[in-house]
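Let me begin by presenting the structure, written as structure tokens, before commenting on it.
The values are calculated or read from the model by the stated rules, or taken from the named source; none is laboratory data. Since the structure is predicted, the reported quantities are computational estimates derived from the model, not experimental observations. Every residue, glycine as well, gets a Cβ built from its backbone with ideal geometry; the counts of neighbours run over all protein chains shown. Quick note on the areas: whole protein, heavy atoms, side chains included, nothing else; ligands and nucleic acids left out. Shrake-Rupley method; radii C 1.70, N 1.55, O 1.52, S 1.80 Å.
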Amino acid sequence: MRGYVPKYQLITPASLDEALAILADEPGVWKPFAGGTDLMVLLESGNLHHHNYINIWPLTELRQIEVSPQHITLGALTAYTDIQANPILRSEFPMLCQAASETGGLAIQNRGTIGGNIVNASPAADSPPALLAYDAQIELTSRSSSRWIPYQGFHTGYKKMQMGADELLTRIRMSRKTANCYHYYRKVGTRKAQAISKVCLAAVGSTLDQRITDVRIAFGSVAPIVIRCLRTEDALRGKTPGNQTTQLARETLVNEIAPIDDIRSTASYRLRVATNLLADFLEQLQLH
Ligand SMILES: Cc1cc2nc3c(=O)[nH]c(=O)nc-3n(C[C@H](O)[C@H](O)[C@H](O)COP(=O)(O)OP(=O)(O)OC[C@H]3O[C@@H](n4cnc5c(N)ncnc54)[C@H](O)[C@@H]3O)c2cc1C
């Protein structure tokens with residue numbers, strides 16, 4: 001049953017500073033409300049247990065995309081539509097654009113934000129694997145400080161993350177070192193559109209003299225959090241793509257991920273699809 005709306009409070013600060021001051025004055029009392037695409041589902045189903053929200057959607061300072069020769073930096077409120085429209089993201093970070101284009105339908109893409117996707121912390125979220133494979137960093141800001149941390153390691157367990165009650169996720173930054181990389185993104189769901197992932201792989205790799213020099217592999221929906229598969233990456237670095245390397249990668253990956261049975265799929269299907277996607281990535285990398 002829908003949550004009883006008069007029990008909820010939503011306040012709109014005039015600036016980022018004011019939002020941070022509200023969070024700092026009463027830590028844990030107020031939570032951010034960005035696009036609301038996750039929060040409104042909880043409200044409609046009567047599962048929105050927290051009652052006080054700060055409407056950060058109008059804070060335009062969190063909606064900028066900044067480009068420097070080294071980085072591209074997205075404000076946390078960047079919507080999926082903005083991601084798909086950005087020429088640098090399209091040419092240098094195609095996996096993020098593809099994830100954005102496969103997230104929900106147009107209404108969700110206009111309203112859902114990259115910051116909300118990260119902090120909502122679903123293991124089945126579609127953009128986080130791309131952010132992990134691109135080695136993204138995130139900025140957490142409170143009234144008294146601001147810190148950049150690697151996105152990898154931010155999620156510490158199911159819906160658990162390294163963020164203080166007085167902090168906002170403000171920006172996401174990626175290094176523009178993707179030239180010569182092969183980018184592979186594949187979301188497997190029940191349908192081609194409007195489906196939650198059963199398995200999602202984002203991987204980048206490069207080769208030199210037929211050996212894998214750099215490889216970054218991240219999966220969604222195969223563990224309690226989106227994960228970067230560092231052991232599989234280590235096993236691949238320096239190897240020549242081919243049948244033997246693919247077999248080694250499959251065997252390493254099986255020990256690195258822990259998919260479960262749930263309403264969307266089974267653990268064995270997820271394991272099989274995950275290893276097949278990895279094999280497909282390696283095959284394409286060889287051809288690249
Ligand atoms: C029909 C439908 C289809 C969907 N399809 C997909 C899909 O295919 N793939 C997918 O990954 N997701 C999907 N989603 C989920 C959702 O749209 C995304 O997770 C979206 O990015 C959430 O962003 P938001 O701004 O709407 O977050 P909100 O709902 O506003 O917030 C989500 C959570 O993040 C917190 N939060 C938001 N912004 C910040 C911030 N800057 N700092 C700190 N905390 C913050 C909020 O407090 C809340 O806990 C779908 C949702 C719906 C309703």
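Tabulated results
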read-out	value
Span from the the stretch 97-128 Cα centroid across to the the stretch 255-288 one, whole angstrom	21 Å
Peptides 104-113, 162-171 ordered by average Cβ neighbours within 10 Å, highest first	162-171, 104-113
Extension gain, LEU10 back to LYS31 (0.36 nm per residue minus Cα-Cα distance, nm)	6.6 nm
Average Cα contact separation per residue, the chain, under 8 Å, 6 or more apart, as relative contact order %	15 percent
In the stretch 116-192, the chymotrypsin sites (Phe, Trp or Tyr not before Pro) that fall in loop regions by DSSP, at most 14 other Cβ within 10 Å	TYR158
Check: the stretch 1-133 dipole with +1 on Lys, Arg Cβ and -1 on Asp, Glu Cβ, in debye	340 debye
Nearest-ten-degree value, helix 267-287 long axis tilted from longest Cα axis of the chain	60 degrees
Diffusion constant of the stretch 182-287 at 37 °C, which comes from Stokes-Einstein with the Kirkwood Cα-pair radius and 0.692 mPa s, µm²/s	237 µm²/s
Net +/- balance of residues flanking GLY189 in space, Cβ distance below 15 Å, scoring K and R +1, D and E -1	+4
Global geometry of the stretch 1-98, whether rounded, prolate or oblate, following the gyration tensor of its Cα atoms and the 1.5 cut on a/c	oblate
Total charge dipole magnitude, the chain, about the Cα centre, Cβ charges on Lys, Arg, Asp, Glu only, Debye to nearest 20	620 debye
Over 25 Å [Cα-Cα, the chain], rounded percent	48 percent
Separation of the ALA21 and SER146 label points, Cα + 7 Å toward Cβ, nm	1.8 nm
Using alpha-carbon coordinates, inclination of helix 243-254 to the longest axis of the chain, degrees	30 degrees
Dipole of the stretch 141-288, positive end: most advanced residue of ALA202, GLN286, GLY238 [Cβ charges, Cα centre]	ALA202
Rounded to whole Hz, the Karplus (6.51, -1.76, 1.60) HN-Hα couplings of the stretch 9-24, x for glycine and proline	10, 9, 10, 10, x, 7, 8, 4, 4, 5, 4, 5, 5, 5, 5, 6
21 Å Cα-Cα threshold exceeded, pairs from LYS31/LYS159; LYS198/LYS239; LYS177/LYS198; LYS7/LYS159	LYS198/LYS239; LYS177/LYS198; LYS7/LYS159
Surface per residue (accessible, 1.4 Å probe) for the stretch 49-189, Å²	41 Å²
Sparse-neighbourhood loop sites, trypsin sites (Lys or Arg not before Pro) in the stretch 222-272 - DSSP loop, at most 13 other Cβ within 10 angstrom	ARG237
Within the accessible area of the stretch 5-55 (1.4 Å probe), percent carbon and sulfur	56 percent
Cβ-based charge dipole, the chain, positive-most Cα from GLY36, ASN110, THR252	THR252
Dipole magnitude (debye, nearest 20) for the stretch 154-236, charges at Cβ of Lys, Arg, Asp, Glu	380 debye
Inter-label distance, nm, simple model (7 Å from Cα along the C-beta direction), SER101/ARG237	3.2 nm
